[in-house]
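Right, I'll just put the structure down here and ask away after.
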Amino acid sequence: MKKIVVLTGAGISAESGLQTFRDSDGLWEGYNIEDVATPEAWQRDPVLVQDFYNMRRKAVLEAQPNAAHVALAKLEQQYDVTVITQNIDDLHERGGSGNVLHLHGVITRSQSSLNPNLTYPINGWELKIGELCELGSQLRAHVVWFGEAVPMIEEAARICSQADIFILVGTSLNVYPAAGLIHYVPNDVSKFIIDPKIPPITAGNFTRIEAKATEGVTLLVKELVNGY
Ligand code: OAD
């Protein structure tokens, strides 16, 4: 079976009603990264940080996967597929994808503030101050903050280096190391990029599909999967 690797960003979940980060109506227009998405912010004001991610979790739980998530899952009928996502939502899984690597964590789980390897499912949308991990430290959202390591990046790079077909959807390619993954995809691989506003891209030879994810991904999957 040919191997398809899909790298997704916030744009794939935009039509599910989840805000992107850097579009004009994006999350980073309303919040400073330094206030809510760094270890220093957590030290300074854990209540604010916890509330920020509680709101994100609430929005994710209320959202549904869209046609793009669902179409990507259909690729599994004929390909060995890995979805590498920068997103902290679980819409790929709920859309039916069986093999999803979360580079930046997933909001539906909590994480020990002492040991990032200790993660737990969360009941409902709210993670409260006072909820502790097994080591006795405060639980935080299982997300990677700016300034923290991205533990899955080496595994993701290895997967990209084995792609036969590579698909990029809905990412501005602003955040490293995730954005650097395109450089691990071999030169002779067929590459596609789907975005209504395609960002400048330094790795060669992408077929450009300038469209929203629901339209562009569905179109591409129809080309790749017989009978879809
Ligand atoms: P961005 O908000 O930076 O980029 C979103 C991309 O989605 C842009 O290229 C948009 O043009 C595109 N887009 C918007 N609507 C779309 C639609 N309907 N269909 C397809 N594409 C659409 O989001 P990311 O690149 O995912 O990290 O951001 C990367 C990381 O920055 C996030 O994982 C998060 C953030 O800070 C952390 O929190 C660590």
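The values are calculated or read from the model by the stated rules, or taken from the named source; none is laboratory data. Quantities reported herein were computed from a predicted structural model and do not represent experimental measurements. Cβ atoms come from the backbone with ideal geometry, glycine included; neighbour counts cover every protein chain shown. To get the accessible areas, we keep the full protein, side chains included, count just its heavy atoms, and leave off ligands, DNA and RNA. Shrake-Rupley method; radii C 1.70, N 1.55, O 1.52, S 1.80 Å.
So, of the residues in the range 7-28 that are free of Cβ contacts under 8 Å to residues at least 24 places away in the same chain and part of a helix (DSSP H, G or I), which turns out to be surrounded by the most Cβ atoms within 10 Å (Cβ to Cβ)?
L27
Just a yes or no: is a residue in the range 85-92 without any contact (Cβ under 8 Å) to a residue 60 or more places away in the chain and more than 15 Å from the chain's Cα centre (by Cα)? Outline the logic, then answer.
Of the range 85-92, the ones without any contact (Cβ under 8 Å) to a residue 60 or more places away in the chain are 88, 90.
Now restrict to residues that are more than 15 Å from the chain's Cα centre (by Cα): none.
So far as the range 85-92 goes, no, none of its residues is without any contact (Cβ under 8 Å) to a residue 60 or more places away in the chain and more than 15 Å from the chain's Cα centre (by Cα).
Also: Can you find even one residue in the range 116-128 that is of a type in the set (K, R), surrounded by fewer than 12 Cβ atoms within 10 Å (Cβ to Cβ) and not assigned by TED's automatic domain parsing to the domain that holds F52?
No: the range 116-128 contains no residue that is of a type in the set (K, R), surrounded by fewer than 12 Cβ atoms within 10 Å (Cβ to Cβ) and not assigned by TED's automatic domain parsing to the domain that holds F52.
I'd like to check something: does the range 87-104 contain any residue that is basic (K, R), part of a strand (DSSP E or B) and surrounded by fewer than 21 Cβ atoms within 10 Å (Cβ to Cβ)? Spell out how you get there, then give the answer.
Keep residues of the range 87-104 that are basic (K, R), which gives 94.
Filter once more, keeping what is part of a strand (DSSP E or B): none.
The answer is no, given that none of the residues of the range 87-104 is basic (K, R), part of a strand (DSSP E or B) and surrounded by fewer than 21 Cβ atoms within 10 Å (Cβ to Cβ).
In this structure, does D188 turn out to be touching a helix residue (DSSP H, G or I) at 6+ places or on another chain (Cβ under 8 Å), more than 18 Å from Q43 (Cα to Cα) and of a type in the set (D, E)? Reasoning before the result, please.
On the way: touching a helix residue (DSSP H, G or I) at 6+ places or on another chain (Cβ under 8 Å): no; more than 18 Å from Q43 (Cα to Cα): yes; of a type in the set (D, E): yes.
No.
Can you confirm whether the range 168-179 contains a residue that is part of a strand (DSSP E or B) and within 12 Å of the ligand (Cβ to nearest atom)? Show your work before the answer.
Initial filter on the range 168-179 (part of a strand (DSSP E or B)): 168-169.
Next cut, within 12 Å of the ligand (Cβ to nearest atom) only: 168-169.
There is at least one residue in the range 168-179 that is part of a strand (DSSP E or B) and within 12 Å of the ligand (Cβ to nearest atom).
Can you list residue pairs whose Cβ atoms sit under 6 Å apart, with the first residue in the range 132-146 being open to solvent by 40 Å² or more (accessible area, probe 1.4 Å) and the second being of a type in the set (D, E, K, R)? Count only pairs 6 or more apart in sequence or on different chains.
Qualifying pairs under 6 Å: H142/R109.
Could I ask something else about it? Within the range 131-161, track down each residue that is outside any helix (DSSP H, G or I) and of a type in the set (S, T, N, Q). Spell out the reasoning first.
First, pick out the residues of the range 131-161 that are outside any helix (DSSP H, G or I): 131-152.
Correct list: S137, Q138.
Are any of the residues in the range 29-40 near the ligand (Cβ under 9 Å from one of its atoms) and open to solvent by less than 50 Å² (accessible area, probe 1.4 Å)? It would help to see each step written out before you state the result.
In the first step, residues of the range 29-40 are kept if they are near the ligand (Cβ under 9 Å from one of its atoms); the result is 33, 37.
Applying the additional criterion that residues be open to solvent by less than 50 Å² (accessible area, probe 1.4 Å) yields 33, 37.
Taking every residue of the range 29-40 in turn, at least one turns out to be near the ligand (Cβ under 9 Å from one of its atoms) and open to solvent by less than 50 Å² (accessible area, probe 1.4 Å).
Determine, yes or no, whether D188 is surrounded by fewer than 20 Cβ atoms within 10 Å (Cβ to Cβ), without any contact (Cβ under 8 Å) to a residue 12 or more places away in the chain and charged (D, E, K, R).
Values: surrounded by fewer than 20 Cβ atoms within 10 Å (Cβ to Cβ): yes; without any contact (Cβ under 8 Å) to a residue 12 or more places away in the chain: yes; charged (D, E, K, R): yes.
So D188 passes the test.
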